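The numbers here are math on the coordinates, done by the rules we state, and not lab data. Here the structure is a predicted model, which means the values were calculated and not measured. Here the Cβ is made from the backbone with ideal geometry for all residues, glycine too, and neighbour counts use every protein chain on show.
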Amino acid sequence: MADAPVTGRFAPTPSGRLHLGNLFCALLAYLSARKAGGRFLLRIEDIDLPRCPARLARQAVEDLRWLGLDWDGEPLYQSRRTEIYERHLAMLSQKGLVYPCFCTRAQLHASAAPNLGDTQYVYNGACARLSREEAGRLALTRRPALRMRVPDEEVRFTDGLYGPQAENLARDCGDFILRRSDGLFSYQLAVVVDDALSGVTQVVRGRDILSATPRQIYLLRTLGYSVPEYVHIPLLMDAQGRRLAKRDHDLSLTALSRRFTSREVVGMLAFSAGLLPEPRPAAPSELIAAFDWAKVPTQDARLPQALFDGL
Ligand code: GLU
């Protein structure tokens, strides 16, 4: 896709054992980078250590090896990079773009725009209007989250699969969290800093994160980093086209590796991605030569029925 040397990456959050959706993403990110003769990096997004214990991080690395993937260098662990995130937060702070937010969950919910669902809301900017004195008084009783001020400005980019995208940050997103009130750095800040410092030029990830991309592009530009190419990929569905749900089938690697070889799993994922005409066993490296984004559909990808038989 790009002419410059490609550096791709896969960046799972090991809050549970990896599931097929993670493997699907890992495989496509790997194939895309390797097809371009590029580097492929692994980053473990275990910034929320209580939710992502070392045992699960180790397991994720083992699972990716089991699948037959390889990557360049050692995996990067976000949990070890706090100082780097601190430094970047300070850079944004110096530009006057960071302010403390004392809003409680209940306040955020009450002011949420109803169109965005439960987990997403456009922040109404209440704390951006606090005076220094008011903020100081509130800080005596509660530790604030830190938010990034966004401009009333449209961010545009062209996604490798989903085409042109545009979002007005102030209207569609609002000032967003850089550090949570419990002190944890946000995914948005960590992902942007890590991609930039690792020299990542191509981000391949699920289309569920497409909507976070304008925020990340804005952060990258503000920090003076270049913006990678983004390719968001379809979500995985079952053979009937329904969203995968844990309650229906256990598709984590614990169950899968008991029933299938890694070559079988890779073959089924490649078939779902439109890269094989039928789900025949294959190693990731065998799929590099024929990999082409033009074969990957934008509609949600269906897994073969064989995966669900006998569950
Ligand atoms: N860690 C995120 C996840 O597992 C992915 C982040 C990214 O690829 O930018 O959903």
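A straight chain from A110 to E83 at 0.36 nm per residue would run longer than the Cα-Cα distance by 6.3 nm.
Sorted fewest first by neighbouring Cβ atoms within 10 angstrom, M237, M148 come out as M237, M148.
Against the chain, whose longest principal axis comes from its Cα atoms, helix 20-35 is set at around 80 degrees. The angle between the Cα long axis of helix 54-67 and the main principal axis of the chain comes to about 30°, on a 0 to 90 degree scale.
How would you rank I288, I217, going from fewest to most other Cβ atoms within 10 Å of each one's own Cβ?
I288, I217
When T82, T141, T158, T213 are ordered from fewest to most other Cβ atoms inside 10 Å of their Cβ, what list results?
T141, T158, T82, T213
Comparing R215, R179, R143 in a Gaussian network model of the chain where C-alpha atoms under 10 Å apart are linked, the largest mean-square fluctuation is found at R143. Taking S211, S32, S186 as the candidate residues, the one with maximal mean-square fluctuation in a Gaussian network model of the chain, Cα springs under 10 Å, is S211. Distance between the pseudo-spin-label points of I209 and A306 (7 Å out from Cα toward the beta carbon): 3.0 nm. Only bridges whose two residues both fall in the chain count here: according to DSSP, what percent of them are antiparallel, nearest 5? DSSP beta bridges in the chain are roughly 50 percent antiparallel. Going 7 Å from the Cα of R243 along its beta-carbon direction, which residues of the range 187-231 have the amide nitrogen within less than 19 Å of the resulting point? Correct set: 205-213. For the Cα atoms of the chain, what angle does the longest principal axis make with the long axis of helix 262-272, in degrees from 0 to 90, nearest 10? Approximately 70 degrees, to the nearest 10.
Cβ screening of the chain for cysteine pairs under 4.7 Å finds these without a partner: C25, C52, C103, C173.
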